[in-house]
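Engineer: There's a structure below that I have some questions on.
The values are calculated or read from the model by the stated rules, or taken from the named source; none is laboratory data. Remember, predicted model here, so these are calculated numbers, not experimental data. All Cβ positions, glycine included, derive from the backbone under ideal geometry; neighbour counts span all protein chains shown. Just the protein is used for accessible areas: all its heavy atoms, side chains included, with ligands, DNA and RNA removed. Shrake-Rupley method; radii C 1.70, N 1.55, O 1.52, S 1.80 Å.
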Amino acid sequence: MPETIQGKLDGSGLKVGIVASRFNDFLTKQLIDGALDALTRHGTKDGDIKIVRVPGSFEIPYAAKILASSKKYDALICLGVIIRGDTPHYQHISSEVTKGIAAISLETGIPVIYGVLTVENIEQGIERCGTKSGNRGWDAAINAIEMVNLYKQIKV
Ligand code: DLZ
């Protein structure tokens with residue numbers, strides 16, 4: 001039987017940064033609440049969590065890069081809501097944010113979790129921010145805890 005390594009869902013002792021956009025704030029706030037709920041219910045202390053707000057999702061990678069480079073955090077959680085509109089903004093912003101977040105994680109070696117919703121309309125956003133499709137902020141926080149603990153196990 002091959003050995004399987006998985007990160008534990010124990011958030012105690014972790015220092016976590018949350019980078020969240022203010023655009024579509026009525027939804028982003030719900031993602032932040034979901035992430036905080038998941039972190040604290042899995043043992044992370046309030047005092048070990050820092051929330052940094054940026055204007056829109058496009059700015060998330062810049063702030064996340066600074067936090068990741070500070071080496072003060074075990075993981076970062078990036079939260080935002082990008083809703084498709086009548087202009088090509090949606091495509092440009094979502095592809096830049098996705099690439100940016102992935103690059104930071106690879107460059108810095110800490111988990112930088114992608115909790116940015118890209119949805120067609122407000123209804124789809126509401127569904128993913130604490131109603132019928134769960135809360136992506138909660139999911140992102142759980143992913144962060146799991147990845148920190150996984151890295152601890154697989155790093156030489
Ligand atoms: C400009 C803009 C638009 C049209 N849509 C969104 C969105 O749906 N979600 C989001 O997080 N941000 C949006 N923004 C703002 C950009 O992310 C960015 O803040 C501005 O273009 C300034 O750089």
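Engineer: In this model, which of LYS99/LYS132; LYS45/LYS132; LYS72/LYS152; LYS15/LYS152 are farther than 22 Å apart at the alpha-carbon?
Structural biologist: Values: LYS99/LYS132 28 Å; LYS45/LYS132 28 Å; LYS72/LYS152 16 Å; LYS15/LYS152 14 Å.
Over 22 Å apart, Cα to Cα: LYS99/LYS132; LYS45/LYS132.
Engineer: Now for a separate question. With the Cα gyration tensor of the stretch 77-138 giving a ≥ b ≥ c as the square roots of its eigenvalues, does the rule (a/c under 1.5 for rounded; else a/b larger than b/c for prolate; else oblate) give rounded, prolate or oblate? Don't skip to the answer; put the middle values down first.
Structural biologist: Working: a/c = 4.55, a/b = 1.31, b/c = 3.47.
In terms of gyration-tensor shape, oblate.
Engineer: How far apart, in nm, are the 7 Å Cα→Cβ label points at HIS89 and GLU3?
Structural biologist: Going from the HIS89 label point to the GLU3 one covers 5.1 nm.
Engineer: Give me the angle, in degrees from 0 to 90, between the Cα long axis of helix 89-108 and the longest principal axis of the Cα atoms of the chain, rounded to the nearest 10.
Structural biologist: Tilt of helix 89-108: around 10 degrees.
Engineer: Scale the Cα Rg of the stretch 111-156 by the rule-of-thumb value 2.2 N^0.38 Å and send over the ratio, two decimals. The partial results should precede the final answer.
Structural biologist: Values: Rg = 13.6 Å, N = 46, 2.2 N^0.38 = 9.4 Å.
For the stretch 111-156, the normalised Cα radius of gyration comes out at 1.44.
Engineer: Okay, next question. Quick query: amide H of LEU14 versus all other amide H atoms, modeled in the peptide plane; which residues come in under 5 Å with a sequence gap of 5 or more or a different chain?
Structural biologist: LYS45
Engineer: Let me ask another. Output wanted: per-residue J couplings in Hz (rounded whole) for the stretch 131-148, from phi through Karplus 6.51 cos²θ - 1.76 cosθ + 1.60, θ = phi - 60°, x for Gly and Pro.
Structural biologist: 10, 5, 9, x, 9, 5, x, 4, 4, 5, 5, 4, 4, 4, 4, 4, 5, 4
Engineer: In the chain, with Lys and Arg counted as +1 and Asp and Glu as -1 at Cβ, which of these residues, ALA35, TYR114, VAL52, has the Cα nearest the positive end of the dipole, that is, farthest along it?
Structural biologist: Farthest along the dipole direction, towards plus: VAL52.
Engineer: Would you please state which residues of the stretch 67-99 a label at ASP10 would reach in this model, taking the label point 7 Å out along Cα→Cβ and a backbone N cut-off of under 19 Å?
Structural biologist: 74-75
Engineer: Follow-up. Would you grab the residues whose amide H sits under 5 Å from the one on ARG84? Only those 5+ places off in sequence or on another chain, please, with H modelled 1.01 Å from N.
Structural biologist: Placed amide hydrogens put VAL119, GLU120, ASN121 under 5 Å from ARG84.
Engineer: Just how large is the dipole of the chain about the Cα centre, in debye to the nearest 20, putting +1 at every Lys and Arg Cβ and -1 at every Asp and Glu Cβ? Walk me through the numbers before you get to the answer.
Structural biologist: Details: 18 positive and 17 negative charges, 89 e Å.
Using only the charged Cβ atoms, the result is roughly 420 debye.
Engineer: Stretched out fully, how many nm does the piece from THR131 to VAL52 gain, at 0.36 nm a residue minus the Cα gap?
Structural biologist: Details: separation 79, 0.36 × 79 = 28.44 nm, distance 2.46 nm.
Between THR131 and VAL52, full extension yields 26.0 nm more.
Engineer: Here's another thing I want to ask about it. Go through PHE58, PHE26 and list them by solvent-accessible area, largest first, probe radius 1.4 Å.
Structural biologist: Numbers: PHE58 85, PHE26 110 Å².
Order by accessible area, largest first: PHE26, PHE58.
Engineer: A follow-up question, please. With only alpha-carbon pairs counted, each pair once and no self-pairs, how large is the Kirkwood hydrodynamic radius of the chain in angstroms? Could the numbers behind the result be given before it?
Structural biologist: Values: mean 1/r = 0.0641 Å⁻¹.
For the chain, inverting the mean 1/r across all distinct Cα pairs yields 15.6 Å.
Engineer: Apply the Karplus parameterisation 6.51 cos²θ - 1.76 cosθ + 1.60, with θ equal to phi minus 60°, to every residue of the stretch 55-66 and state each ³J(HN,Hα) to the nearest whole Hz, in sequence, with x for glycine and proline.
Structural biologist: Each residue's phi maps through the Karplus curve to give x, x, 4, 4, 7, 4, x, 5, 5, 4, 4, 5 Hz.
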